[in-house]
Amino acid sequence: MPKPHMCSAALLDKDLSGQTFVVTGANSGIGLVTATQLASQGATVVMGCRRTEEGEARAAEIREQHSSAKLEVYALDLGKLDSVRAFAKTVQDKHDALQGLINNAGVMNTPQQKTADGFEMQIGVNHLGHFLLTELLLPALKAGAPARVVIVSSCFHDKAMGREGKIDLGDLFFEKREYDGWEAYAQSKLANLLHAQSLAKRLEGSGVTAVSVHPGWVRTNLARHSMPVWVQNYILRPVFGIMGMIEPWQGAQSSLHAALADDVPEHSGAYYSQLGVYRDKSFNKGGWPMKSPNPAANDDATADALYEKSRTLVGLA
Ligand SMILES: NC(=O)c1ccc[n+]([C@@H]2O[C@H](COP(=O)([O-])OP(=O)(O)OC[C@H]3O[C@@H](n4cnc5c(N)ncnc54)[C@H](OP(=O)(O)O)[C@@H]3O)[C@@H](O)[C@H]2O)c1
């Protein structure tokens with residue numbers, strides 16, 4: 001079994017004083033570790049949380065470990081565009097300049113549901129909510145350049161439990177085809193990867209770098225729609241460990257590398273993968289960065305079309 005990719009000790013010791021990062025879904029799993037690490041290095045971290053009480057409780061725990069941690073917790077429901085706009089306004093009111101936006105929050109394999117704005121839940125939360133947030137925070141990111149947008153995708157953008165990752169621009173919300181939770185997740189995670197590519201193209205010369213990442217198969221609450229989380233964490237944990245499931249600390253490494261490593265701006269638009277499960281096993285060891293084996297992930301025309309469609313859907317066209 002190959003070992004997970006890990007950031008260097010020097011990278012995780014870099015002084016981030018004076019820098020401000022926004023992390024979505026910062027109250028749980030990979031987002032919580034990412035926020036904790038950035039704050040421990042001196043950054044101000046804005047924690048975007050759907051459940052603010054949970055966010056405040058986690059922020060209090062971070063402050064117990066790192067007494068000087070600079071944390072702000074604001075409400076963010078990516079399934080409600082009004083909430084995204086309100087969150088972005090709060091962030092902009094408090095911060096003229098940002099050095100990082102980590103689009104981390106996500107849901108996986110949900111039952112068929114719609115967001116408040118009528119989007120299929122997984123593409124709505126994982127991609128469209130983050131798409132609007134990114135567009136609204138771009139002025140602050142440009143003002144804070146050099147800055148980064150890190151979009152947490154998944155190796156399941158390639159194939160999720162046998163379902164091929166593809167974007168169906170004619171039926172993004174599964175209104176004409178039968179709904180499948182894994183197919184919808186694969187579509188949303190492919191959208192994440194393509195979003196980073198289009199951003200990189202549009203942001204050339206701005207000092208803002210955009211990349212996507214796969215964090216690995218990580219023991220978090222993400223599995224909640226596929227199995228009870230206690231089954232994953234207790235009953236199946238030894239087996240899953242042998243099969244390659246990693247801990248949140250290891251799972252945050254791709255995001256931290258993408259947010260902090262010096263050479264990432266040379267690879268704007270790229271995909272950074274922890275160990276993963278790909279259709280072609282030779283890709284399973286991942287790479288920082290690596291080219292996705294999914295031909296749909298290397299398709300500029302779809303990336304451009306998705307960008308335009310996303311602008312229209314979130315009311316920016
Ligand atoms: N874990 C893995 O194996 C794995 C593999 C590949 C990719 N990923 C990606 O990693 C990212 C982080 O997931 P995780 O594994 O850390 O799972 P997690 O522990 O379930 O964390 C997900 C976070 O997203 C938040 N969230 C969900 N719906 C939201 C909404 N409508 N608005 C705002 N926030 C919302 C959750 O908030 P609540 O706590 O309120 O639910 C939580 O903070 C996701 O994008 C996921 O797709 C994970």
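If you go through the range 133-149 and pick out every residue that is in a strand (DSSP E or B) and within 23 Å of residue 80 (Cβ to Cβ), you end up with 1. Scanning the range 141-150 for residues that are surrounded by fewer than 23 Cβ atoms within 10 Å (Cβ to Cβ) and in contact with a helix residue (DSSP H, G or I) (Cβ under 7 Å, 6 or more places away or on another chain) yields one hit, 146. Residues that are in a strand (DSSP E or B), away from the ligand (no atom under 14 Å from the Cβ) and closer than 24 Å to residue 9 by Cα are absent from the range 263-274 altogether.
Residues checked against (1) assigned to a helix (DSSP H, G or I); (2) at pLDDT 95 or above; (3) within 16 Å of the ligand (Cβ to nearest atom):
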| site | (1), (2), (3) |
| --- | --- |
| 169 | no, yes, no |
| 176 | no, yes, no |
| 187 | yes, yes, yes |
| 194 | yes, yes, yes |
| 200 | yes, yes, no |
| 211 | no, yes, yes |
| 216 | no, yes, yes |
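Within the range 211-227, residues that are under 15 Å from residue 244 (Cβ atoms) reach partners that are part of a loop (DSSP other than H, G, I, E, B) and within 6 Å of the ligand (Cβ to nearest atom) with beta carbons closer than 8 Å, at six or more positions or on different chains, in the pairs 214/154; 215/154; 220/28; 223/108. Within the range 224-262, take every residue that is farther than 20 Å from residue 98 by Cα and of a type in the set (D, E, K, R) and give me the one that is nearest to the ligand (Cβ to nearest atom). Looking at the filtered set, the residue picked out is 224. Within the span defined as the range 242-264, one or more residues are more than 18 Å from the chain's Cα centre (by Cα), modelled with pLDDT of 95 or more, over 18 Å from residue 157 (Cα atoms) and surrounded by fewer than 16 Cβ atoms within 10 Å (Cβ to Cβ). Scanning the range 151-174 turns up at least one residue that is in contact (Cβ under 8 Å) with a residue 12 or more places away in the chain, over 28 Å from residue 290 (Cβ atoms) and either in contact with an Asp or Glu (Cβ under 8 Å, 6 or more places away or on another chain) or surrounded by 16 or more Cβ atoms within 10 Å (Cβ to Cβ) (or both).
Residue 107 meets all of the listed conditions (1) at pLDDT 95 or above; (2) over 17 Å from the mean Cα position of the chain (by Cα); (3) under 27 Å from residue 276 (Cα atoms); (4) not hydroxyl-bearing (Ser, Thr, Tyr) but one, namely (2).
The values are calculated or read from the model by the stated rules, or taken from the named source; none is laboratory data. Keep in mind that this is a model prediction, so the values were computed, not measured. As a convention, Cβ positions derive from the backbone with ideal geometry for all residues, glycine included, and neighbour counts pool all protein chains shown.
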